[in-house]
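What follows draws every value from the coordinates through simple rules; no lab data is involved. Just so it is clear, the model here is predicted, and its values are computed rather than measured. Cβ placement follows ideal geometry from the backbone for every residue including glycine, while neighbour counts extend to all protein chains displayed.
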Amino acid sequence: MSAPGQPLVTIAVPTYNRAATLERTLASALGQTHRELELVVSDQASTDGTERLCRALAAADARVRYLRQPTNAGGSTANFNLLAAELRGPYAMLLADDDWLQPDYVERCLRLLVERPELAVAYGRARYFDGDRHVADGRLHDHLEEAPAARVTTYYRTVDDNGVMYGLMRADALRGALPMPNVLGNDWLLMGRVAAAGKIATIERTHVDRAVGGTSASVEKIVQTFGISKLQARLPHLTVAWQVLADVGWRSPAFASLPRAQRLRTALLSALGAINWRSLAYHAFGPLIERAGRLPGLRWTSRALAAVRRRFGGDGVLTPPPGEADR
């Protein structure tokens, strides 16, 4: 449990120039049925109304800590990493500045973590919204294998939208997974490391609600936000697979307890599991088909590509709500 005077749960929100969505995010955190929590907002020198909003909330509610960084250096990855030192409670979670929590989210996730000490993460299943319209559900993440290597490989076979990153975690597991490198797929690397630290379970009766169209709306937008090479957007799943191979295989200390041969095998299986082959094919051949569709007599190829994307998606990021795929 928490030490006297310290919160039981820390909710950490990195933000930059998102005042329009941040107010709903923070209200959902402060409105949790579990009240013994602290809300820490790290603002990378926003130039909109973010500072005014956060200072007003901090003045009105002692549970709010507002940290204003002097610059936006390092982008969103640096801001996530800065929050590692601010996790004062034994349980912690990250919350994006355009997402919001159901009122019982922390209460339900915390109850499961207390009841099951083998869990590193309790995750209320993500739901995705376009405005007020529910458009998709995140993947279920139940990685309950006893062996860390097995949990890591099943995580990478499962992940797509990675809403599980916004589950409630044991703070030690989250700290042990940070810092995130500023590379494509870094949120997957983070949760692969957490999976090595402990089991992960999904609660389907509560949700973290996420707005589509943010940083994760497309690979190109992620590349632009992170400030990394546009070349990585050409075959993003191969880029991510390489990052997974390196992170699990030799780069991250989170996997150091695995025997060398097992670690390399886990890295290879994880990297292969991280590849969305449908998305890989789309990114590899989609631009060629689009260019061909501009030629006389081949315009049907562009129409066919558009139909395929409407039916199956391009990046392969979201899972349709139950029943929608059959309609």
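Structure above, values below:
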read-out: Inter-part distance where the stretch 11-50 and the stretch 77-118 are each reduced to a Cα centre, Å; value: 13 Å
read-out: Residues in the stretch 90-114 reached by a label modelled at Thr21 [backbone nitrogen below 18 Å; 7 Å Cα→Cβ]; value: 94-102
read-out: Orientation-averaged projected area, Cα convex hull of the stretch 9-215 (nm²); value: 10.6 nm²
read-out: Signed unit charges on C-beta, dipole axis of the stretch 9-215, positive-most listed residue Phe80, His134, Val159; value: Phe80
read-out: Theoretical FRET efficiency, 1/(1+(r/R0)^6), r = Cβ-Cβ of Glu36 and Ala56, R0 22 Å, to 0.05; value: 0.45
read-out: Förster radius 51 Å - calculated FRET efficiency between Ala261 and Arg133, Cβ distance, rounded to 0.05; value: 0.55
read-out: Antiparallel DSSP beta bridges within the stretch 1-151, percent to nearest 5; value: 20 percent
read-out: Virtual spin-label span in nm between Ala150 and Arg111, 7 Å along Cα→Cβ; value: 2.9 nm
read-out: Only Lys, Arg (+1) and Asp, Glu (-1) charged, at Cβ; the stretch 28-105 dipole about Cα centre in debye; value: 280 debye
read-out: For the stretch 9-215, with +1 on Lys and Arg beta carbons and -1 on Asp and Glu, the positive-most of Pro117, Ser42, Thr202 along the dipole; value: Pro117
